[in-house]
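> Have a look at the structure that comes next, please.
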Amino acid sequence: MQEDKLYEYAVIRLVPKVEREEFFNIGLLMFSKKENYLRIAFHVCPDKFQLMYHTLEYREIQEHLDRFRNIATGASDGGPIAQLGVPERFRWLTAVRSAVLQTSRPHPGKTKNLDATFERLFEELVK
């Protein structure tokens, strides 16, 4: 019988005017320490982005997301934080910050299939 895997996830939010605290969900980050698992995905609809936040540059947001991805995946060009272990990278990415890109607080869960759960959560919370 397949054992349940513990995981945490956080929703990645675009907060164009931090002082107003308005946001919309644009991505998902999922972590499992025991499985050494860290997965990230984004979906930023350009039309929705322009409709809601025409003062921000779409290209600039994409660059910030690329940096987030490089850290999450441990890419060699992701800087010193990307070279840390999976748990440290997840904690750094989900740290409370006052910035255009923020994450929700981490939420725990259990699953038998991390990838299937990631896909389900991404569909429910982001798309």
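Every read-out reported here was derived from the displayed coordinates using simple, explicitly stated rules and does not represent laboratory data. Treat the numbers as computed from the prediction; the structure is a model and nothing was measured. Cβ atoms come from the backbone with ideal geometry, glycine included; neighbour counts cover every protein chain shown.
> Please turn the phi angles of the range 101-107 into ³J(HN,Hα) values with the Karplus equation 6.51 cos²θ - 1.76 cosθ + 1.60 (θ = phi - 60°), one per residue in order, whole Hz, x for glycine and proline.
Calculated HN-Hα couplings, in order: 9, 9, 10, 5, 5, x, 10 Hz.
> Of (1) 57, 31, 25; (2) 52, 33, 22; (3) 48, 29, 23, which is the value of Cα extents along the principal axes in Å derived from the coordinates here?
Structure-derived value, by its label: (2).
> Continuing with this model, one more query. Going down the list LYS5/LYS48; LYS17/LYS112; LYS5/LYS127, which pairs span over 28 Å between their C-alpha atoms?
Working: LYS5/LYS48 35 Å; LYS17/LYS112 39 Å; LYS5/LYS127 25 Å.
The pairs that break the limit, which is 28 Å between Cα atoms, are LYS5/LYS48; LYS17/LYS112.
> Lys and Arg at +1, Asp and Glu at -1: add these up for the other residues within a Cβ distance under 10 Å of PHE23 and post the number.
On the way: positive: ARG13, LYS17, ARG20; negative: GLU21, GLU22.
Net of charged neighbours comes to +1.
> Taking the Cα centroid of the range 99-127 and of the range 23-67, what is the distance between the two, rounded to the nearest whole Å?
Rounded to whole Å, the Cα centres lie 12 Å apart.
> Are there GluC sites (Glu not before Pro) in the range 24-83 that DSSP puts in a loop and that have at most 16 other Cβ atoms within 10 Å, and which ones?
Numbers: sites: GLU35, GLU57, GLU60, GLU63; in loops: GLU35, GLU57.
Hits after loop and neighbour filter: GLU35, GLU57.
> Would you calculate a helix-derived [θ] at 222 nm for the chain, using -39,500 (n - 2.57) for each DSSP H run of n ≥ 4 and dividing by the full residue count, to the nearest 500? Don't skip to the answer; put the middle values down first.
Numbers: 5 runs with 47 residues, N = 127.
Rounded to the nearest 500, the figure is -10500 deg cm²/dmol.
> Another question, if that's okay. Work through the residues other than LEU114 whose Cβ is under 9 Å from its Cβ and net out their charges, Lys, Arg +1 and Asp, Glu -1. Show your work: numbers first, answer last.
Working: positive: LYS5, ARG39, LYS112; negative: GLU35, ASP115.
Around LEU114, the charge tally is +1.
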